[in-house]
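Okay, structure first, notes after.
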Amino acid sequence: MVHWTDQERHAITTLWAKVNVEEVGAQALVRLLVVYPWTQRYFASFGNISNAAAIAGNAKVHAHGKTVLKSVGDAIAHMDDLSHAFTKLSKFHSETLHVDPDNFKHFGDCLSIVLAATFGTAYTPDVHAAWQKMIAVIISALSKQYH
Amino acid sequence: MPLTDADKTHVRSIWSKASGKAEELGAQALARMLEAFPNTKTYFSHYSDLSVKSGQVHVHGKKIIDALTDAVNHIDDITGALSALSTKHAHTLRVDPANFKILSHTILVVLALYFPADFTPEVHLACDKFLAEVSYALAEKYR
């Protein structure tokens, strides 16, 4: 079980309340596919993702970005028992999607960067640190069922 | 994964803005690394204040950004430009090279924070590659 301080809970939930899930999700996924192009291996069914412009304009990328960010919202809602709450999702990533867990970290980095670009100075060092912790906890929960 | 001409153009372009705010950006990147990734604090046990307000963090942050500016200005020979710094990190500072990735990440976060319109996905990619090359060059003399 993760120990969260009141400051961390506040930082995470307050910022989350202001996040446009569709916008932030799309931007984070676009960056994942552009900055770490080998991740495109998981999205062969998405159509044209052959260059940065195609990725940015791809409707399936946008839709999937929203799906992923919604799960981040679920994680926040279950932040006190995430390993348990994410059991099915972790198994799904391992046994069905066969995603290399290293990629979770790449997505987490992109998310932190998009939050910084979106919120600017409101993404203070304290808020940033709380979110890096949240991201690390999500990565750990998502990785848990791999064997 | 060498830097393409497009990468170099992107890095030079965003760095022309970043180099003018060296102290502020450097302090932010360093303070954020120390706060969000506490293992890195072990290298700064001699600092009395690790926050973004710390004079020590400001001085050191500026040094880091200035060194990166030097690397940008010698982007075709990053290894050469960082040779002395590599020796220093290897033999004097002995920072575990795994930490270079961590500071690289907080530098990217700070660039996104301060220059959101300029830090496009392509610029992000170019900077990520550039910082990876810098990290590699810094680790060259380790063993």
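The values are calculated or read from the model by the stated rules, or taken from the named source; none is laboratory data. Since the model is a prediction, treat every value here as computed from it, not as a measurement. Positions of Cβ are generated from backbone atoms using ideal geometry, with glycine treated the same way; all protein chains shown enter the neighbour counts. In case anyone asks, the SASA skips ligands and DNA or RNA and just uses the protein heavy atoms, side chains included. Shrake-Rupley method; radii C 1.70, N 1.55, O 1.52, S 1.80 Å.
Computed quantities for the displayed model
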item: Residues of the range B:42-61 satisfying the condition of being under 16 Å from residue A:125 (Cβ atoms) and either assigned to a loop (DSSP other than H, G, I, E, B) or open to solvent by 90 Å² or more (accessible area, probe 1.4 Å) (or both); result: B:47, B:49, B:50, B:51, B:52, B:53, B:54
item: Residue in the range A:98-115 that is surrounded by fewer than 17 Cβ atoms within 10 Å (Cβ to Cβ) and β-branched (Val, Ile, Thr) present; result: no
item: The range B:27-42, residues that are under 15 Å from the mean Cα position of the chain (by Cα) and in contact (Cβ under 8 Å) with a residue 40 or more places away in the chain; result: B:28, B:29, B:30, B:32, B:33, B:40
item: Hits in the range B:112-137 - residues which are over 11 Å from the mean Cα position of the chain (by Cα) and hydrophobic (A, V, I, L, M, F, W, C); result: B:112, B:113, B:115, B:117, B:119, B:123, B:125, B:126, B:137
item: The range B:115-137, subset in a helix (DSSP H, G or I) and open to solvent by 50 Å² or more (accessible area, probe 1.4 Å), residue farthest from the other protein chains (Cβ to nearest Cβ); result: B:136
item: Of residues in the range A:126-144 being of a type in the set (S, T, N, Q) and open to solvent by 20 Å² or more (accessible area, probe 1.4 Å), the one farthest from the other protein chains (Cβ to nearest Cβ); result: A:143
item: Per-region count, the range B:88-114, residues open to solvent by 40 Å² or more (accessible area, probe 1.4 Å), more than 14 Å from chain A (Cβ to nearest Cβ) and outside any loop (DSSP other than H, G, I, E, B); result: 4
